[in-house]
Amino acid sequence: MKVLTEYLWFNTAKQFELINITSQVEGFIRRSVVMEGLCLVNAMHITSSVFINDDETGLHADFKAWLEKLAPHEPVTQYRHNNGEDNADAHLKRTIMGREVVVAITDGKLDFGPWEQIFYGEFDGQRKKRVLVKIIGE
């Protein structure tokens, strides 16, 4: 069995960003030389997310609007968590969007459905955070 562990690091300029990380993950798979296996991509911070969806700007704007309706940033006083902090909304957004994805590797490639891509979702940016990529297989 082959195993590769890599990390992606982010320090976004904005509080909210959606970043397509598919090409970086594909590069790790090539480096791993795993032909059949699984790829775990995991946000290692409680206010960021990893998820799979379409890379379409209108959809990304819809995600942002939808998440702001469900867990608006302002007013920060609406959240009990925000006692000396202002990121309770980011914790809730992460819960909605998810912590990680697992994708099958078939013939040395991510085995996606049509239009699927892997995204890093940042909901409390402007500080250093990491994403774990763990590839296991033969």
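No value in this document is a laboratory result; all are computed from the given coordinates. Just so you know, these numbers come straight off a predicted model, no measurement behind them. Positions of Cβ are generated from backbone atoms using ideal geometry, with glycine treated the same way; all protein chains shown enter the neighbour counts.
List of remarks:
- Each of Met1, Met35 has some number of other Cβ atoms within 10 Å of its Cβ, and from fewest to most they run Met1, Met35.
- Here the Karplus relation 6.51 cos²θ - 1.76 cosθ + 1.60, evaluated at θ = phi - 60°, turns the backbone of the range 113-123 into coupling constants of x, x, 6, 5, 9, 9, 10, 9, x, 10, 10 Hz, with x for every Gly and Pro.
- Counting only trypsin sites (Lys or Arg not before Pro) that DSSP places in a loop and that have at most 13 other Cβ atoms within 10 Å, the longest clean stretch of the chain runs over 15-79.
- Radius 15 Å from Cβ of Ile136, net charge of other residues (Lys, Arg +1; Asp, Glu -1): -2
- Our summary gives the range 68-125 a relative contact order of 28 percent, counting only alpha carbon pairs under 8 angstrom and 6 or more residues apart.
- Per-residue [θ]222 nm for the chain (sum of -39500 (n - 2.57) over DSSP H runs n ≥ 4, rounded to 500): -8000 deg cm²/dmol
- Here the spin labels are modelled as points 7 Å beyond Cα on the Cα-Cβ line, and at Gln78 and Ser23 they lie 3.7 nm apart.
- Each 5 Å bin from 0 upward holds the following percent of the Cα-Cα pairs of the chain: 2, 10, 19, 21, 18, 12, 8, 5, 3, 1, 0.
- Inter-part distance where the range 65-97 and the range 14-56 are each reduced to a Cα centre, Å: 24 Å
- Dipole magnitude of the chain, debye to nearest 20 (Cβ charges: Lys/Arg +1, Asp/Glu -1, about Cα centre): 520 debye
- Multiplying the residue separation of Trp115 and Asn42 by 0.36 nm and removing their Cα-Cα distance gives an extension gain of 24.2 nm.
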